[in-house]
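These notes concern the structure reproduced below.
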C-alpha cells in the first residue's frame with residue numbers, strides 16, 4: 001500500500017464520502033471519483049495528472065452535505081485558493097491534500113485555506129512552452145497584426161464552450177453568453193460573436209486566472225486561448241504587483257484601489 | 001404596446017434656431033410605438049406643461065420623451081408634470097437637444113437628423129422603462145461640525161438652536177480659531193474676543209452641542225442622512241472631569257520656552273498649557289512633543305503639584321464612533337509665514353512680521369499686553385511699513401488669487417498703530433485697495449484722512465537691515481514708478497491666506513473636491529455656495545477661500561440652514577436610480593454567485609451579504625444585496641458583475657442596449 005492509498009483509505013474510513021483524484025487512463029491520468037476503500041488502490045499521482053480537479057468541487061451534484069477530499073496538484077491548489085477568495089468554498093466539507101514534490105510521495109493534508117495560501121507563496125507559476133513560443137511570435141507584431149492574428153485564430157472557434165466547462169473559475173450559474181435581455185453576445189459561431197465571447201472570457205479572468213491551462217487543453221480546435229489570460233496575469237503583475245498563481249488577499253486588482261497603484265494610464 | 005408621447009421644445013430659439021423642431025416631431029410620429037408627437041415653443045412653461053398633461057390623459061400615454069434642454073435643468077419639472085397627469089415619473093425621459101445638439105452644431109440637415117436620432121434613442125429606452133418609486137431612507141438627526149473657529153461655532157449654534165444634536169470637533173485644545181487671535185475687527189473696531197467669547201461659552205453650555213476639543217476626524221463612511229464617522233480624541237493627558245483649571249501645573253512646568261501658537265510665535269507657553277485665558281474648555285493639555293516626561297521619560301512635576309490628581313500620562317488616543325446625518329466642514333485657513341519671502345529676508349529679520357503677528361501685538365491679551373512693541377528689542381516702532389499683497393495676486397509665487405481680507409486688516413492695523421503711537425508714521429504699500437463691503441471703503445478713507453496713514457501704490461521690491469533699521473525699497477507707480485525708500489522700525493507683511501494644513505487629506509477622507517490651492521470646492525460657486533458635490537457634506541468659512549468674518553458667519557448660518565432643512569424631513573426621499581441585484585425563482589434565487597467582487601469595487605460600501613435560507617434555517621446560498629440607503633447609482637458594480645446580475649434601476653442593461661441599438665440601426 002503506498003502512502004496515497006493509505007491516506008485515501010483512512011479518509012474514507014473516517015467519514016469522507018468521496019475522494020477526487022486520478023486513475024490510470026488510456027492516455028495518462030484521468031479524473032477518478034473514489035467512493036470506497038476498495039477503489040483506493042486505483043488512485044495514482046504522477047506528472048500526467050493535469051486535469052484541474054477544482055472544476056468538480058463547485059458541482060452541487062458532488063458537493064452536498066457530505067465531506068469530500070481532493071488529491072490536489074499545484075494547479076488545483078491554486079484554483080482552490082482563488083475560489084476561496086471568491087467565497088465559493090465550503091471549507092467545512094472540503095479536505096485538501098497533496099503529494100509533496102520534496103518528499104518521496106509524502107502526503108500533506110492542509111488544515112485550511114490559509115495553509116494552502118502559504119504553501120503556494122514560494123511556488124512560481126510555470127510558463128508553458130507553447131506560450132513562450134507565442135510570446136516570441138507576437139512580440140514582433142504590430143497592434144494590427146496581433147489583432148488579425150487573433151481574429152484568424154478565433155474564426156475557428158465553434159462556440160462549444162469546452163473552455164468554459166474546463167475552467168475551474170468559470171462557475172457562474174448564468175454565464176454572460178446566456179444573458180439574452182439584452183443579448184450582449186451573439187450565441188452562434190461567427191467572427192464577431194466569437195471575438196465578443198473570447199474578449200469577455202479573458203476580461204472576466206483578469207486577476208482571477210491561475211494559469212492552469214485547462215482552457216487551452218480543452219479547446220477541440222486547438223486555439224491557444226489560455227495565452228491571453230496568461231498575458232493578462234503578467235500585465236497585472238507589472239501594473240499592480242499581483243503575483244501570478246496566488247490568490248488575491250484583499251480583493252481583485254481591478255476592483256480595488258490602492259494609493260500606490262499606477263495611474264499613468266489616466267490622461 | 002407602448003403609447004409614447006414625444007414633445008419637442010423650441011426653447012425659444014435656443015433649439016429651433018439650428019434644429020427644425022417641426023420636422024423632428026413629424027419624423028418621430030412615424031416611429032413604432034409613438035402615439036403622439038408635437039413641438040412647442042416653451043415646453044417648460046405652464047401652457048407647455050398643460051399640453052403634456054392633456055396628451056397623457058387623452059392618448060393614455062405609457063411613456064413620454066421630451067426633446068429639450070439638459071435633464072439637469074428640467075428633468076424634475078417634466079417628471080412632476082407626468083406624475084400630475086397620473087404617469088409614473090420615471091416613464092419620462094429627456095433627450096438633450098440643446099446642449100448636445102443645437103448649441104454645438106450649426107443650422108443644417110445633419111443637425112436636425114442628429115436631433116431625430118437623439119429623440120428616437122430615448123423612445124426606444126422608454127419602451128423598456130419600468131415604473132419606479134422613490135426610496136425613503138431614515139435620517140440620523142445629528143450633525144458633525146469639523147473645526148471650532150467662528151464658522152464652526154456659528155454653524156453649531158444655529159443647528160443646535162433648531163433643536164438638533166451637534167457634535168463639534170476641534171483639533172486644537174480650545175475652540176475660537178483665528179478670530180480669537182484678532183485684536184479688533186474691521187470696520188467697527190470692536191474687540192474680537194469681546195464678541196467671540198460669548199459665542200464660545202454658549203457652545204460649551206448648549207445642551208444640544210457635544211464639544212470635543214483636541215479631536216480630529218479619523219474616517220467617514222456612509223452617505224447623506226446616515227454617515228458613520230470615527231473621531232480621534234487625541235490624548236490630552238489631563239482628565240477634564242477632575243481638572244478644575246486652577247493653572248498650578250502650567251506655572252510649575254519647566255518647559256517654558258515653547259513658541260505659543262496662539263501668539264503666532266511671538267510669545268511662549270509651557271508644555272502643559274491652556275492656549276489663552278478665555279479658552280473653552282479652560283482645561284490644559286500636555287503637548288507631548290515638548291513635554292520632558294514624554295520626551296525624556298522623567299519630570300511629572302505637573303502630576304506632583306496637581307491638587308486633584310487629574311494628570312494621566314500615557315493614555316492612548318481614543319476612537320469614538322458616531323452616526324450623523326450631515327457634516328459641516330469649517331476647517332478654516334492659514335497665513336503664509338514670513339520665511340516664504342526671500343525678498344523680505346526669508347523670515348530672518350525679527351521685525352518683519354505677519355499681519356497675524358501684528359494682531360497679537362495689538363491685542364490686550366497678547367505678549368505685549370496691547371502695546372505695539374517690536375519683537376527684536378521691545379522698542380516702540382516710530383515708523384512702520386505695511387506691505388499688502390505679500391504673496392497674494394502673484395502668479396510667480398503660485399498664489400494668483402486675492403486673499404480678500406488683507407486690504408481691510410492692513411487699514412485696521414495702520415489705524416490701530418496710529419491710535420496707539422501718536423507720533424508714529426505708517427506707510428501702506430498696496431496694489432489696489434479692495435474695500436468692497438458694507439462700510440469698508442469708508443473705513444479705509446478714515447485711515448487715510450483722519451488717521452493720516454500714508455498709502456503708497458506700488459510693490460515693495462526688497463527689505464533689508466541696515467544700522468538697526470529696516471530699509472524698505474519700493475516704487476510709487478502713481479509717480480511714474482519713482483523709487484521710494486523708507487527707513488522703517490518694523491515691517492508688517494499682509495501674507496496671503498492659504499488652505500489649512502491637512503486640507504487635502506481631509507478632503508480625500510470625505511470624498512469632497514478641492515481646487516488647485518487645496519481650498520474645498522463648492523457644488524456651484526454661485527448657486528450652491530455652502531454645499532459640496534457630496535450630498536450631506538456642507539462647507540462654511542475660510543476653508544473655501546479666504547473670507548472675512550461677516551462672510552464666514554453668513555456662510556456658516558447658510559450651511560446650518562441646509563442641515564436644518566435636511567433634518568426637517570421625516571424621511572430622506574431619494575431617487576430610485578440605484579443598483580439592484582436580481583432575484584429569481586428557486587432553486588436559483590438569484591443569478592448572483594456571491595463572488596463579492598462588487599463589494600470591493602463599490603466606493604460607497606453599499607454591498608451587503610444576504611443569506612437565502614430554507615425553512616429549516618439552513619443557508620442555501622449567500623448572494624449580494626445593495627443597501628438602497630448607501631448606493632449612489634454609480635454603476636461600478638454593474639460593470640464588474642460577470643454574470644450581469646446587477647442592474648441600475650432606470651439605466652438597466654436592457655434600456656442602455658435599446659438606446660445603442662437604436663443609434664446603430666439609423
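The values are calculated or read from the model by the stated rules, or taken from the named source; none is laboratory data. These numbers were taken from a predicted model, which means no experiment stands behind them. We place every Cβ from the backbone using ideal geometry, glycine too, and count neighbours over all the protein chains shown.
Structure notes:
- Meets criteria (surrounded by fewer than 21 Cβ atoms within 10 Å (Cβ to Cβ), under 28 Å from residue B:630 (Cβ atoms) and outside the structural domain of residue B:634 (by TED's automatic domain parsing)) for residue B:558: yes
- Residues located in the range A:171-193, provided they are touching a residue at least 24 places away in the same chain (Cβ under 8 Å) and at the interface with another protein chain (Cβ under 7 Å from one of its Cβ atoms): A:171, A:176
- None of B:105, B:74 is over 24 Å from the mean Cα position of the chain (by Cα), assigned to a loop (DSSP other than H, G, I, E, B) and outside the structural domain of residue B:560 (by TED's automatic domain parsing) except B:105.
- Taken together, B:174, B:180 contain a single residue that is in a loop (DSSP other than H, G, I, E, B) and either touching a residue at least 24 places away in the same chain (Cβ under 8 Å) or within 16 Å of residue B:650 (Cα to Cα) (or both), which is B:174.
- Of the residues making up the range B:490-511, those that are surrounded by fewer than 22 Cβ atoms within 10 Å (Cβ to Cβ) and part of a loop (DSSP other than H, G, I, E, B) are B:500, B:501, B:502, B:511.
- Test for residue A:223: is it at pLDDT 95 or above and either within 14 Å of chain B (Cβ to nearest Cβ) or in contact with a helix residue (DSSP H, G or I) (Cβ under 6 Å, 6 or more places away or on another chain) (or both): yes
- The range B:634-652, subset closer than 21 Å to residue B:135 by Cα and surrounded by fewer than 19 Cβ atoms within 10 Å (Cβ to Cβ), residue farthest from the other protein chains (Cβ to nearest Cβ): B:650
- Taking the criterion of being farther than 24 Å from residue A:91 by Cα, part of a strand (DSSP E or B) and either touching a residue at least 12 places away in the same chain (Cβ under 8 Å) or touching a helix residue (DSSP H, G or I) at 6+ places or on another chain (Cβ under 7 Å) (or both), the residues of the range A:1-51 that qualify are A:23, A:24, A:28, A:29, A:30, A:44.
- Verdict on residue A:168 being in contact with a helix residue (DSSP H, G or I) (Cβ under 7 Å, 6 or more places away or on another chain), within 14 Å of chain B (Cβ to nearest Cβ) and farther than 22 Å from residue B:589 by Cα: yes
- Selection within the range B:615-633 - more than 9 Å from chain A (Cβ to nearest Cβ), assigned to a strand (DSSP E or B) and touching a residue at least 12 places away in the same chain (Cβ under 8 Å): B:620, B:621, B:623, B:624, B:625, B:626
- Each residue in the range A:202-213 was checked for being on the phi < 0 side of the Ramachandran plot, more than 10 Å from chain B (Cβ to nearest Cβ) and either buried (at least 22 other Cβ atoms within 10 Å of the Cβ) or in contact with a strand residue (DSSP E or B) (Cβ under 6 Å, 6 or more places away or on another chain) (or both), and 3 of them qualify.
- Among the residues listed as A:148, A:155, the single one being more than 21 Å from residue B:591 (Cβ to Cβ), without any contact (Cβ under 8 Å) to a residue 60 or more places away in the chain and either touching a helix residue (DSSP H, G or I) at 6+ places or on another chain (Cβ under 6 Å) or within 14 Å of chain B (Cβ to nearest Cβ) (or both): A:155
- Among the conditions (1) touching a residue at least 40 places away in the same chain (Cβ under 8 Å); (2) under 25 Å from residue B:479 (Cα atoms), the only one that residue B:445 does not satisfy is (1).
- Segments classed as strands (runs of 3 or more DSSP E), wholly inside the range B:528-614, with at least 3 members that are within 14 Å of the chain's Cα centre (by Cα) and at pLDDT 95 or above: B:537-539
- Restricting attention to the range B:576-603, the residues that are more than 9 Å from every other protein chain (Cβ to nearest Cβ) and under 23 Å from residue A:207 (Cβ atoms) total 2.
- Per the listing B:132, B:118, B:87, the residue uniquely in contact with a strand residue (DSSP E or B) (Cβ under 7 Å, 6 or more places away or on another chain) and in a loop (DSSP other than H, G, I, E, B) is B:87.
- The residues on offer are B:52, B:94, B:66, and the sole one that is in contact with a strand residue (DSSP E or B) (Cβ under 8 Å, 6 or more places away or on another chain), part of a helix (DSSP H, G or I) and either at pLDDT below 95 or within 17 Å of residue B:129 (Cβ to Cβ) (or both) is B:52.
- Residue selected from the range B:213-234 under the condition outside any strand (DSSP E or B) and modelled with pLDDT of 95 or more, by the criterion farthest from the chain's Cα centre (by Cα): B:234
- Residue that is within 14 Å of chain B (Cβ to nearest Cβ) and assigned to a helix (DSSP H, G or I), where the choices are A:88, A:82: A:82
- Residue in the range B:567-575 that is touching a strand residue (DSSP E or B) at 6+ places or on another chain (Cβ under 8 Å), within 14 Å of chain A (Cβ to nearest Cβ), touching a residue at least 40 places away in the same chain (Cβ under 8 Å) and surrounded by fewer than 21 Cβ atoms within 10 Å (Cβ to Cβ) present: no
- Qualifying positions in the range A:71-112 - more than 25 Å from residue B:595 (Cα to Cα) and buried (at least 22 other Cβ atoms within 10 Å of the Cβ): none
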